[in-house]
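Read through the structure below, which is laid out as structure tokens, and then see the notes.
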Amino acid sequence: TTEEFLQLPVEFLKKYLSDAGLDAFEEQDVVDAIRLWAEHNLEERRPHLRELMECVCFSCLDCDELNYIRETDEVFAGVAGIAELMEDESRHAKPRHIQLEALLVLGGVDYSEEYYGASINNKMFLLDLHCEYFEHCQLPDSLQINGGCVVCTVGDEGFVTGGSDSPSQAWKLKSDEPWTILSWTRLGSLKKGRKWHGMVAHNGAVYVVGGETSKQERRLRTVEVYCKDTNSWKNIKPLKEG
């Protein structure tokens, strides 16, 4: 919680902020965290600001923020040697690797009292773990009214397969930069169309498991794995029971 963070000892905070794999959206979050911690008891904590600011990768901050810290910020502007820290490029030759996690929310139904009913939501939304909105994009036509499709992620790629209306379809959502949705790519079709199935990523590979057929509502035992090199799906050992 915020209160627990504000009570952290300076050595613990310094160790946490120095982590090259820090769980943060951007480097600005590191600066904001130091500011928040310091402002809780500024007079007592001011002597620690220099060592905490040594944890900041200034090369990842924009020029406006750097100027604000150096010249205007009530917390940091008076820190001894702050300008030298910003200009010392050798300390930040390699930016930290920011660890990001996100939630993908696909389609669904919008309920509106204004229009006395429900409407299909034809968008996909990208949220952080606090459910704050970052980005959205239009779903492909065949996914917009398609119950029973399933999604999973591998790194910065999302995969969507199956569904009641287009049971054999497979799509990939690609993002080249964190929190930026770029494009959908149609993949090779599943060997067996399915809906309400399982889907999992393991060791970089994507698997679809079981589910139901679109028409007969028959449970499936088949398991398929996506082959990136051939853009196709391959049957592997089936489930013992559908």
> Does the stretch 26-39 contain at least one residue that is part of a helix (DSSP H, G or I), within 29 Å of GLY155 (Cβ to Cβ), modelled with pLDDT under 85 and of a type in the set (S, T, N, Q)?
Replying inline: no
> Which of (1) open to solvent by 60 Å² or more (accessible area, probe 1.4 Å); (2) of a type outside the set (Lys, Arg); (3) modelled with pLDDT of 90 or more is the odd one out, the single condition HIS197 does not satisfy?
Replying inline: (1)
> Does the stretch 8-19 contain any residue that is modelled with pLDDT of 90 or more, open to solvent by less than 40 Å² (accessible area, probe 1.4 Å), of a type in the set (A, V, I, L, M) and in a helix (DSSP H, G or I)?
Replying inline: yes
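In the stretch 19-55, how many are among the hydrophobic types (A, V, I, L, M, F, W, C) and over 31 Å from the mean Cα position of the chain (by Cα)?
Count: 1.
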>> Can you list residue pairs whose Cβ atoms sit under 6 Å apart, with the first residue in the stretch 152-176 being under 18 Å from VAL209 (Cα atoms) and touching a residue at least 40 places away in the same chain (Cβ under 8 Å) and the second being open to solvent by less than 10 Å² (accessible area, probe 1.4 Å) and charged (D, E, K, R)? Count only pairs 6 or more apart in sequence or on different chains.
In response: GLY162/ARG194; PRO167/ARG194
>> Every residue in the stretch 60-82 that is open to solvent by 80 Å² or more (accessible area, probe 1.4 Å) and in a helix (DSSP H, G or I), please.
In response: CYS63, ASP64, TYR68, GLU71, THR72
>> Within the stretch 103-127, take every residue that is at pLDDT below 70 and not aromatic (Phe, Trp, Tyr) and give me the one that is farthest from PHE58 (Cα to Cα).
In response: GLY117
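The values are calculated or read from the model by the stated rules, or taken from the named source; none is laboratory data. These numbers come from a predicted model, not from an experiment. FYI the Cβ positions are ideal-geometry reconstructions off the backbone, even for glycines, and counts take in every protein chain you see. Remember, those area values only see protein heavy atoms, side chains included, never the ligands or the DNA or RNA. Shrake-Rupley method; radii C 1.70, N 1.55, O 1.52, S 1.80 Å.
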